[in-house]
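Computed from the coordinates by the stated procedures, all read-outs in this text should not be read as laboratory data. This one's a predicted model, so the numbers in the text were calculated from it and none came from an experiment. Virtual Cβ from ideal backbone geometry, glycine too; neighbours counted across all protein chains shown.
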Amino acid sequence: MKCHTIAIWACLSMMTTPSSAGAEMSTPETAYGFGFDTATGERINLSDYAGNAVLVVNTASQCGFTEQYGPLQTLYEQYKDRGLVVVAVPSNDFGGQEPGSNEEIVEFAKREFEVGFPITVKRSVKGADADPFYRWAADQVGQIGKPRWNFHKYLIGPNGEMVTWFSTFTKPDSEKLAQAIESVLPKNVETSPES
């Protein structure tokens, strides 16, 4: 009887191994454990931006907030030489407002807003299908800091830690966002005399 019980336990263990093997063994402690693919087939590893401030924004091309692409580009231009990286993560999660292909999304952002920062392939940012970065971010900020709509913003510090988040309603050119970025920009980056 004892051998029979052990055999059953062993079989059950083997049956559960594939599902647990497919799960992440451990969640990375910082954003540097994550990355995204771009529409052009490149890989963006957030660890490539170590030492920089990174603003990750879920975007959509047919949203009432799509105009935020413009000030996001301005923000990027203003701070990129001081260590800010902006990463757009297109998502169709909210109102089906990002229906286009990855190529169409990039072409739209470049044509309409002259976007020069990286744009990833379309990803889910909420629920069970959320991209691993977004699941990590939700764990970091809690229920209140999860994306509720397009153009939600996460600010990652130079060590890959989650600094803070901003809702859709925080405009990219807001003083609040600028102050948060200024507080985490690398201190060792030289600025030109004009700035």
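Relative contact order for region 31-184 using alpha-carbon pairs under 8 Å, separation at least 6, rounded to a whole percent?
Working: 280 pairs, mean separation 45.8, N = 154.
That works out to 30 percent.
Please list 3J(HN,Hα) in residue order for region 106-114, calculated via the Karplus relation 6.51 cos²θ - 1.76 cosθ + 1.60 where θ = phi - 60°; whole Hz, with x for glycine and proline.
Values, residue by residue: 5, 4, 4, 4, 6, 5, 7, 10, 6 Hz.
Under 15 Å Cα to Cα from Lys110, which aspartates and glutamates show up? Leave out anything in the same chain fewer than 8 places away.
Glu67, Glu77
Going by how many other beta carbons lie within 10 Å of each one, how would you line up Lys187, Lys171, Lys110, fewest first? Show your work: numbers first, answer last.
On the way: Lys187 8, Lys171 18, Lys110 14.
Result, fewest neighbours first: Lys187, Lys110, Lys171.
Starting from the amide H of Ala39, placed 1.01 Å from N in the peptide plane, find each other amide H under 5 Å away whose residue is 5 or more places distant or on another chain.
Hits under the 5 Å cutoff: Val121.
Can you tally the net charge around Leu46? Count Lys and Arg as +1, Asp and Glu as -1, for every other residue whose Cβ sits under 13 Å from the Cβ of Leu46. Walk me through the numbers before you get to the answer.
Details: positive: Arg43; negative: Glu29, Asp37, Asp48, Asp131, Glu161.
The answer is -4.
Counting other beta carbons within 10 Å of each residue's own, what order do Trp165, Trp149 fall into, fewest first?
Numbers: Trp165 21, Trp149 17.
With the fewest neighbours first, Trp165, Trp149 line up as Trp149, Trp165.
By the scheme Lys and Arg +1, Asp and Glu -1, what is the net charge of all other residues having a beta-carbon under 10 Å from that of Trp165?
Around Trp165, the charge tally is +2.
Please compute the net charge surrounding Phe94, taking Lys and Arg as +1 and Asp and Glu as -1 over other residues with Cβ under 15 Å from its Cβ.
Working: positive: Lys122, Arg123, Lys126, Lys146, Arg148, Lys153; negative: Asp93, Glu98, Asp129, Asp131.
The answer is +2.
What pairs from Lys80/Lys187; Lys122/Lys176; Lys80/Lys146; Lys80/Lys176 go past 23 Å between their alpha carbons?
Details: Lys80/Lys187 13 Å; Lys122/Lys176 28 Å; Lys80/Lys146 26 Å; Lys80/Lys176 18 Å.
Result: Lys122/Lys176; Lys80/Lys146 exceed 23 Å.
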